[in-house]
Amino acid sequence: MDTLELLRLATRAPSADNSQPWAFTQHGNALTCRYAHPGNFRDPFGASGHASLLAAGTLHENLDLITDGQVESRLDSRHEDIPWQLNIRPAGVSIPSPELCRKIESRHTNRHPFDKRAPGQLPDCQASPGVRIVTCTESARIHALGDALQLCSRARFNQPELHEWLFTSLRWNDEEIAAGDGLDINTLHLPPGGQHFMRWIKPWHRMEMLNRLGIDRIMSIADTVMVRQAPVVIALCGSNEAQDIWNAGRTLQRLWLALNDAGLAVHPYYAVTDLGNRRRAGRLLPGWEASVLRGEEICAEALGLAQGEQVHMLLRAGFARHAAVRAKRRPPQRFLSPGSGR
Ligand SMILES: Cc1cc2nc3c(=O)[nH]c(=O)nc-3n(C[C@H](O)[C@H](O)[C@H](O)COP(=O)(O)O)c2cc1C
């Protein structure tokens, strides 16, 4: 299979804020993928951070599907700079079926409201080892997850580091969007005037000032209202071990492909996981630990988490009412490190 075509298809995998933190190097027939700092982004996760491992897992799953299992993976989180690596030999890979290509290319995020009607039987999805899929359809549990997310979302609007990450990720105009990375502003579900408001709050001092007037609370309600209205919320749970997080990324991609393929829209929510990880690492601004911990407790109770288990991702799923604008990717050659021989 042509290397660039393989890269184009594999990198349709999802990553936090569409950061695509992957770089490929080619030596003869061998192609190696590692974590790469996402260029002009302010990456708050780093090579072995939770979101980077999830994105390594989603990419691994795509590569595994495309190469029919011919991927060699290595993960050792003690190596801070190169904690993981994926090795493939594109020349030995047959061209994937049009059906598989369509499935991988069709997977996407939809941040618009979904139909309230329940989707019925969900497609089967095998979880990777160390990962548990919990499907919630009861409104009490879904509301509890909405409460948990709202607490963590509010805390997120009060973290300058996460504010900066969001605003280095956002892409505002055609030229920026055409570069193919980051969060295309048109993929968000914003009310009329929302884009202007978002531009206005870009400098942290403005957001900080509005937070004192309670905008963080209003934004956290707006951010999570669609979760409470969702017919289904699916949680991926497991331990905080690097291998289990990686496996959660693989499961996330497998599940997302299956849901989209079954005609269901998907919207991921990462705030409970991310803010919880930050709380445990002592990386929250003072005063926010208690509400994030409360959010984690509500989430743990709603999902029946065991000791040592955490949520890796929450997914709102349902029938789409509106088609989503599709997020682009960098051109495949931009994933190849300079000096890679083709
Ligand atoms: C680790 C991770 C965290 C994410 N967190 C969120 C989130 O909290 N909210 C959201 O709307 N999308 C979230 N996403 C979705 C990404 O923004 C999305 O996958 C990316 O922009 C590419 O778009 P696509 O899924 O349409 O291809 C997350 C994805 C990943 C892999």
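No value in this document is a laboratory result; all are computed from the given coordinates. Just so we're clear, the structure is a prediction, and the values are computed from it rather than from any experiment. All Cβ positions, glycine included, derive from the backbone under ideal geometry; neighbour counts span all protein chains shown.
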(Q) For the pair Glu99/Gln126, report the inter-label distance in nm, with labels modelled 7 Å from Cα in the Cβ direction. (A) 1.7
Q) What is the ratio of the Cα radius of gyration of the stretch 223-342 to 2.2 N^0.38 Å, where N is its residue count, to two decimals? A) 1.28
(Q) As a test of the formula, what do you get for the chain when each DSSP H run with n ≥ 4 contributes -39,500 (n - 2.57) and the sum is divided by the residue count, at 222 nm and rounded to the nearest 500 deg cm²/dmol? (A) -13000 deg cm²/dmol
Q | Distance-filtered residues of the stretch 218-232 - backbone nitrogen under 17 Å, label point 7 angstrom along Ala262 Cα→Cβ | A | 230-232
Q. Can you list the residues, at least 5 places off or on another chain, whose amide H is less than 5 Å from the amide H of His312, using H built in the peptide plane?
A. Leu236, Cys237, Gly238
Q. Separation of the stretch 253-329 and the stretch 105-161 by C-alpha centroid, Å?
A. 6
Q | Lys, Arg +1 and Asp, Glu -1 on Cβ, resulting dipole of the stretch 1-88 about Cα centre, debye, nearest 20 | A | 180
Q.
Given the chain, report the % of alpha carbon pairs whose separation exceeds 35 Å.
A. 18
Q.
Could you tell me the calculated FRET efficiency between Glu138 and Ala306, based on Cβ-Cβ distance and R0 = 25 angstrom, to the nearest 0.05?
A. 0.80
Q: Would you please put 208-214, 58-64, 148-154 in order of how densely packed they are, using the mean number of other Cβ atoms within 10 angstrom per residue and starting with the highest?
A: 148-154, 58-64, 208-214
Q. What number comes out for the charge environment of Leu65, summing +1 per Lys or Arg and -1 per Asp or Glu over other residues with Cβ under 10 Å away?
A. -1
Q. For the chain, with only Lys/Arg (+1) and Asp/Glu (-1) charged at the beta-carbon, what is the dipole magnitude about the Cα centre, in debye rounded to 20?
A. 640
Q.
Among Gly318, Thr168, Pro203, whose Cα projects farthest towards the positive end of the dipole of the stretch 131-318, with charges put on the beta-carbon of Lys, Arg (+1) and Asp, Glu (-1)?
A. Pro203
Q. Hey, with R₀ at 22 Å, roughly what FRET efficiency would Arg294 and Glu161 work out to, going by the Cβ-Cβ distance, to 0.05?
A. 0.55
Q) Mind ordering 312-325, 22-35 by average Cβ neighbours within 10 Å, highest first? A) 312-325, 22-35
Q) For the stretch 3-108, rounded, prolate or oblate, judged on the Cα gyration tensor with a ≥ b ≥ c (square roots of eigenvalues), a/c < 1.5 rounded, else prolate if a/b > b/c? A) oblate
(Q) Only helices at least 15 Å long along their own axis, judged from Cα atoms, and with Kyte-Doolittle mean hydropathy of 0.5 or greater: name those in the chain from DSSP H. (A) 50-66, 215-228
(Q) Given contacts defined as C-alpha pairs under 8 Å and at least six residues apart, what's the relative contact order of the chain, whole-number percent? (A) 30
(Q) Can you tell me which lysines have their Cα less than 28 Å from the Cα of Lys202? Leave out same-chain residues fewer than eight positions away. (A) Lys328
Q: Would you please put 126-135, 71-80 in order of how densely packed they are, using the mean number of other Cβ atoms within 10 angstrom per residue and starting with the highest?
A: 126-135, 71-80
